[in-house]
Amino acid sequence: MLIRDAERAYPANSYAGLTADGATFVVHRVPVSQVDKLGAALRGRHPGLQLAFADARHPRIVLNQVTEDIKKDIPYWRAEGVAVAAVAPHADGSGVTVMVRQVTAELAAAMRERYEFPNLQLKQGEITPA
């Protein structure tokens, strides 16, 4: 309920995600006009929850687009010899994580250039069937 309400409360160019810090829910949003007013309204609709607000670098709409672009390019990366195991946006709005078999500085630079997005974080890992 809170996630859906937060997604609706903030404009698409602001809302980034929701994280938990102990008993407090942290709404990550890019500062836009009237962001404090939107936060106060959200807090008013959820008086029983501890809410905090934090600035985000990127809104969810941008993070989702970068994530989808990379996912669509998995065949391209496979042809380049790169195994992309997973791609996910950061809930705090800081960027996107790409899980690959082997992380190199060259690969990170190539991905950042291809997607014109400097906040890609490459992590080594594989997803294996259960």
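The values are calculated or read from the model by the stated rules, or taken from the named source; none is laboratory data. These numbers were taken from a predicted model, which means no experiment stands behind them. Glycine also receives a Cβ, built like all others from the backbone with ideal geometry; neighbour counts cover every protein chain displayed. Just the protein is used for accessible areas: all its heavy atoms, side chains included, with ligands, DNA and RNA removed. Shrake-Rupley method; radii C 1.70, N 1.55, O 1.52, S 1.80 Å.
Taking the conditions exactly as written (open to solvent by 20 Å² or more (accessible area, probe 1.4 Å), on the phi < 0 side of the Ramachandran plot, small (Gly, Ala, Ser) and assigned to a helix (DSSP H, G or I)), does ALA110 satisfy them or not? It would help to see each step written out before you state the result.
Numbers: open to solvent by 20 Å² or more (accessible area, probe 1.4 Å): yes; on the phi < 0 side of the Ramachandran plot: yes; small (Gly, Ala, Ser): yes; assigned to a helix (DSSP H, G or I): yes.
So ALA110 passes the test.
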Unique residue being among the aliphatic types (A, V, I, L, M), open to solvent by 60 Å² or more (accessible area, probe 1.4 Å) and farther than 24 Å from ARG4 by Cα when the list is ALA105, ALA83: ALA105
How many residues does segment 1-59 contain that are touching a Gly at 6+ places or on another chain (Cβ under 8 Å) and loosely packed, with under 12 Cβ neighbours inside 10 Å? 0
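Conditions tested, residue by residue: (1) outside any helix (DSSP H, G or I); (2) among the charged types (D, E, K, R).
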{"position": "ARG4", "(1), (2)": "no, yes"}
{"position": "THR19", "(1), (2)": "yes, no"}
{"position": "SER33", "(1), (2)": "yes, no"}
{"position": "LYS37", "(1), (2)": "no, yes"}
{"position": "PHE53", "(1), (2)": "yes, no"}
{"position": "ARG57", "(1), (2)": "yes, yes"}
{"position": "GLU68", "(1), (2)": "no, yes"}
{"position": "TRP77", "(1), (2)": "no, no"}
Residue count, segment 82-104, condition part of a strand (DSSP E or B) and among the aliphatic types (A, V, I, L, M), comes to 9
